[in-house]
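Worksheet: the structure to be examined is printed underneath.
The values are calculated or read from the model by the stated rules, or taken from the named source; none is laboratory data. Since the structure is predicted, the reported quantities are computational estimates derived from the model, not experimental observations. Quick reminder, even Gly has a Cβ in these numbers, built from the backbone with ideal geometry, and neighbours come from all protein chains shown.
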């Protein structure tokens, strides 16, 4: 009887310990094993080969605003020598907090593999379309801070378009020269 109780107790303890390890969050783990940017146990996602389908899954539809965000995210990865899904970047998307502007943020999520829940994509509010921009830096402090600013003529061309034009506008955005969509300014990172 005592052996059965002891075995049940040990089995229960083992189950709890395994569950804690499987469902632990970064703040629940010892400092030495906390998730760090880059390849590690917490960053094992694989980038989708069908970005348009991924945008549809994340956002609900594909439109030029989220395709623009996707393109900006891909450019940020390239410019900061980072890889998709490694959570190496801090991204702040400055937009008027309303649609369609907010669609840009979901494009950034798909483009970088970062997420709101991992606290590596944030929203900042601006009051006008002219102030829309995305700031990006590496979490390790290596390299510049990027300011990605959408071209205002392009934004005007996709603003207030009917829903039946979303697919064509999305394809056009995916094929346009990056320089016609946004500029990238590189600023020196603050040193402490």
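Of all residues in region 153-184, which are under 26 Å from residue 98 (Cβ atoms) and exposed (fewer than 12 other Cβ atoms within 10 Å of the Cβ)?
Residues satisfying the conditions are 153, 156, 160, 162, 163, 164, 168, 180.
I'd like to verify a number: residues in region 66-102 that are buried (at least 22 other Cβ atoms within 10 Å of the Cβ), at positive phi and more than 12 Å from the chain's Cα centre (by Cα), how many?
So the answer is 0.
So which strands (runs of 3 or more DSSP E) are wholly in region 56-173 and hold at least 1 residues that are farther than 21 Å from residue 188 by Cα and in contact with a helix residue (DSSP H, G or I) (Cβ under 8 Å, 6 or more places away or on another chain)?
Per the criteria, 89-95, 121-125.
Can you confirm whether residue 117 is more than 23 Å from residue 180 (Cα to Cα) and surrounded by fewer than 22 Cβ atoms within 10 Å (Cβ to Cβ)?
When the stated conditions are applied, residue 117 passes them.
Tally the residues that are out of contact with any strand residue (DSSP E or B) (no Cβ under 9 Å at 6 or more places or on another chain) and either within 25 Å of residue 156 (Cβ to Cβ) or at pLDDT 95 or above (or both), restricting the search to region 108-124.
Selection size over region 108-124: 2.
Which residue out of 189, 168, 130 is in contact with a strand residue (DSSP E or B) (Cβ under 9 Å, 6 or more places away or on another chain) and free of Cβ contacts under 8 Å to residues at least 60 places away in the same chain?
None of the other options fit; the residue is 189.
Conditions tested, residue by residue: (1) over 18 Å from the mean Cα position of the chain (by Cα); (2) within 17 Å of residue 77 (Cβ to Cβ).
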{"position": "105", "(1), (2)": "no, yes"}
{"position": "116", "(1), (2)": "no, no"}
{"position": "121", "(1), (2)": "no, yes"}
{"position": "129", "(1), (2)": "yes, no"}
{"position": "139", "(1), (2)": "no, yes"}
{"position": "146", "(1), (2)": "no, yes"}
{"position": "159", "(1), (2)": "yes, no"}
{"position": "172", "(1), (2)": "yes, no"}
{"position": "179", "(1), (2)": "yes, no"}
